[in-house]
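The block underneath contains the structure these notes are about, expressed in structure tokens.
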Amino acid sequence: MKVNQPRPDTIDAYIASFPEDIQEILEQLHSVIRGAAPAAKETISYSMPAFALHGILVYFAACKKHIGFYPTSSGMQAFQEELSAYGCSKGAVRFPLDEPLPLDLIRRVVKFRVAENLNKAAVKRKPKE
């Protein structure tokens with residue numbers, strides 16, 4: 001995103017704020033997440049694209065040398081072994097810009113987060129005995 005540019009208020013506007021080569025990568029990521037979480041609401045949170053369904057599922061962001069993917073700490077833990085091939089922290093993974101995105105892995109992480117949030121929401125709705 002260029003400096004002194006208004007902050008985007010949609011994921012499409014966020015993606016459009018980058019050069020074409022980065023837009024292509026972000027579009028791929030956006031499409032995979034949308035496909036894995038079709039009922040999720042698209043939003044911008046912490047100045048990053050995010051998908052929410054009974055809470056945030058995942059965030060993503062374009063950085064200087066990588067795409068940041070933020071599936072929360074539970075998503076990171078559940079796929080720790082597979083994600084370890086990339087630079088990781090407690091709640092984030094860095095996919096290098098010069099490598100293809102691991103789209104199948106991303107899809108599985110998002111589906112895991114959807115199931116996790118739906119399960120949490122169902123437990124909250126259950127009447128207390």
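All of the numbers you see were taken from the coordinates with simple rules; none came from a lab. Because the structure is a prediction, the values reported are computed rather than measured. Cβ placement follows ideal geometry from the backbone for every residue including glycine, while neighbour counts extend to all protein chains displayed.
Taking the convex hull of the alpha carbon atoms in the stretch 82-129, what volume per residue do you get, in Å³? List each step's numbers first, then the result.
Values: hull volume 4.4 nm³, N = 48.
Once divided by residue count, the hull of the stretch 82-129 is 92 Å³.
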Exercise. Loop only per DSSP, at most 13 neighbouring Cβ atoms within 10 Å: give me the trypsin sites (Lys or Arg not before Pro) in the stretch 1-95, ordered by residue number.
Key: Lys2, Lys64, Lys65, Lys90
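Quick check for me: using +1 on Lys/Arg Cβ and -1 on Asp/Glu Cβ, what's the dipole size of the stretch 11-117 about its Cα centre, in debye to the nearest 20?
Numbers: 10 positive and 12 negative charges, 86 e Å.
Roughly 420 debye for the stretch 11-117.
For the chain, compute the orientation-averaged projected area of the C-alpha convex hull (one quarter of its surface), in nm².
Values: hull surface 34.4 nm².
Answer in nm², one decimal: 8.6.
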Quiz prompt | Cα-based Lys pair tally, the chain, threshold under 30 Å, eight or more apart or on separate chains | solution = 24
